[in-house]
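K.L.:
If you scroll down you'll find the structure; I have some questions about it.
Only the coordinates and a few stated rules stand behind these numbers; no lab work does. Fair warning: this is a prediction, and the values are worked out from it, not measured in the lab. Here the Cβ positions follow ideal geometry from the backbone for every residue, glycine too, while neighbour counts run over all protein chains shown.
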Amino acid sequence: MSRISRSRRLVLGVLSATTLMTILDGSIVTVAMPAIQRDLGFAPAELSWTVNAYLIAYGGLLLLGGRLGDLVGRRAMFLAGNAVFTAASLLAGAATGAGMLIGARFLQGVGSAMASAVVLGILVTTFTDAGERAKAIGVLSFTGAAGASLGQVLGGVLTDALGWDYIFLINVPIGVATIALAVRVLPSERGLGLSAGADGLGALLVTVGLMLGIYAVVQIERQGPRSLWFGVVSLVLLAAFVVRQATARTPLMPLRILRSRAVAGANLVQILTVGAMFAFQVVVALFMQQVLRYDALGTGLAMLPAALAIAAMSLFASPRLSTRLGPRAVLLGGLALLIGAMAWLARVPVDARYVTDLLPVMVLIMGFGLVLPALTALGMSGARPDDAGLVSGFFNTTQQAGMAVGVALLSTLAASRT
């Protein structure tokens, strides 16, 4: 396997830092929600919006952000997104009421979408050697896969030791350092120009359609069948977007990217897999705190073995196995481990013991450290240099859609059973 040069290692470090921050902010809030509710006076029905506001903005803008990165330059989009995210994190940490925090979380989602949408596009155009790319994807996938679990550990530590506001304020120095390093190490590039894909109507259709779709999913538990109307409108808008892209002279998303079976299949599998994994983390964290009576720190530490197992697989096993066997075989092996983890979790009793009932699940979750790098390699396999940002944004969009769908469906099912 090729060794990664120092300059490209720095690029990978910048991309990984941003990925880690954006993924952490999707999960770090979960263990701090009781403290946030107590200090800011959130009504129970409002509390979920500390997560939902972030997911709606993030998932709704990824596709647009990826294409704009191709048009105006992926480096410029990455820097702007990090700046918005860092400023919004400062605003969230200084929040004095529910409305202010929800607004800041929405802005965090906007910044995350702008930066994250172009991360994979920068990676595949920077790491052109197959061996280097496999290793870089393994590192980036680790930060994404383990980031959610690490977020719960870090969230528990910061909430107990310093207060919930520090789960947001910690992003500020990291964001500033990331921007400063990115200015130095990310390669300069010229975008295609807005005239190559300035489809304003298409941008409006896909952004509003995605936001309404995610809103419908995250509101299922509260509104029930009424939220389905938002889903219907979302599907109509997204269908209109597809029609628009097939007929527009300069489409925002050229439909040719979906002709690749590897790309289309990887994104479909990602929705299902990420949905199961993110829902697992949220529901298990709530089970530990509300049923087993773990505190925030205890919950985070209990989830730590999952993060370590995922790290070992994505950093060490996945690049070697992908080079030797190919990403498809690695994907199937990882899915088999995840099926085993979910089957074990299904038999966990209400008076579960950690070592015998929950720890085996945390170990089997290592399969995600194989699944995500393989899906990333397959999902980006059809990307051309001028479409890399778009394909990256599309891949991240299906990831966020999986998170929202998984949490909404499993939370609804859990509520009906308990």
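K.L.:
Where does each of 344-351, 121-128 land if you order them by average Cβ count within 10 Å, highest first? All intermediate terms of the calculation are to be shown ahead of the outcome.
P.N.:
Working: 344-351: 11.1, 121-128: 20.6.
Ranked from most to least packed, the peptides come out as 121-128, 344-351.
K.L.:
Using a Förster radius of 45 Å, what is the FRET efficiency between LEU235 and VAL348 based on their Cβ-Cβ separation? Nearest 0.05, please. Mind dumping the intermediate values first?
P.N.:
Details: r = 36 Å, r/R0 = 0.79.
About 0.80, to the nearest 0.05.
K.L.:
Also, quick follow-up: Please sort 95-107, 11-23 by packing, taking for each peptide the average over its residues of neighbouring beta carbons within 10 angstrom, highest first. Please list the in-between numbers first.
P.N.:
Numbers: 95-107: 18.0, 11-23: 22.8.
The packing order, highest mean first, is 11-23, 95-107.
K.L.:
Fully extended, how many nm does the chain gain between THR247 and ASP295 (0.36 nm per residue separation, minus their Cα-Cα distance)? Write out the running numbers ahead of the final one.
P.N.:
Working: separation 48, 0.36 × 48 = 17.28 nm, distance 5.51 nm.
The span from THR247 to ASP295 would gain 11.8 nm if fully extended.
K.L.:
How high is the FRET efficiency between ARG184 and ARG226 when r is their beta carbon distance and R₀ equals 45 Å, given to the nearest 0.05?
P.N.:
0.35
K.L.:
While we're looking at this one, here's another question. Calculate, in whole percent, how much of the Cα-Cα pair population of region 1-127 lies beyond 21 Å.
P.N.:
On the way: 3409 of 8001 pairs.
Here the long-distance tail beyond 21 Å is 43 percent of all Cα pairs in region 1-127.
K.L.:
State, in angstrom, two size descriptors of region 77-174 derived from its alpha carbons: Rg to one decimal place and Dmax to the nearest whole number.
P.N.:
In order Rg, Dmax, the Cα atoms of region 77-174 give 15.7, 50 Å.
K.L.:
So, one more: Of all the Cα-Cα pairs you can form in the chain, what percent are over 30 Å apart? Could the numbers behind the result be given before it?
P.N.:
Working: 33000 of 87153 pairs.
Here the tail beyond 30 Å accounts for 38 percent of pairs.
K.L.:
Here's another thing I want to ask about it. Give me the number: length gained by fully extending LEU90 to ARG324, i.e. 0.36 nm times residue separation minus the C-alpha to C-alpha distance, one decimal in nm.
P.N.:
Value of the extension gain: 79.7 nm.
K.L.:
Taking H as built 1.01 Å from N, whose amide H comes closer than 5 Å to the amide H of ASP129, not counting residues under 5 places away?
P.N.:
none
K.L.:
Taking the Cβ of THR376 as the centre, find all other residues whose Cβ is under 14 Å away and add up their charges (Lys, Arg: +1; Asp, Glu: -1). Show your work: numbers first, answer last.
P.N.:
Details: positive: ARG133, LYS135, ARG328; negative: none.
Net charge in that neighbourhood comes out at +3.
K.L.:
Follow-up. By average Cβ neighbour count within 10 Å, what is the ranking of 259-272, 366-379 from highest down? Each step should come with its number before you reach the end.
P.N.:
On the way: 259-272: 16.8, 366-379: 27.8.
Going from most to least packed, we get 366-379, 259-272.
K.L.:
Let me ask something additional. Once you list every other residue whose beta carbon is under 15 Å from the beta carbon of VAL243, what net charge do they have if Lys and Arg are +1 and Asp and Glu are -1?
P.N.:
Around VAL243, the charge tally is +1.
K.L.:
If I model a spin label at LEU258 and ASP129 as a point 7 Å from the Cα along the Cα→Cβ vector, what separation in nanometres do I get?
P.N.:
The modelled label-to-label distance comes out at 3.8 nm.
K.L.:
Now a separate question. Could you tally the net charge around ALA32, taking each other residue with its Cβ under 14 Å from the Cβ of ALA32, Lys/Arg +1 and Asp/Glu -1?
P.N.:
So the surrounding residues net to -3.
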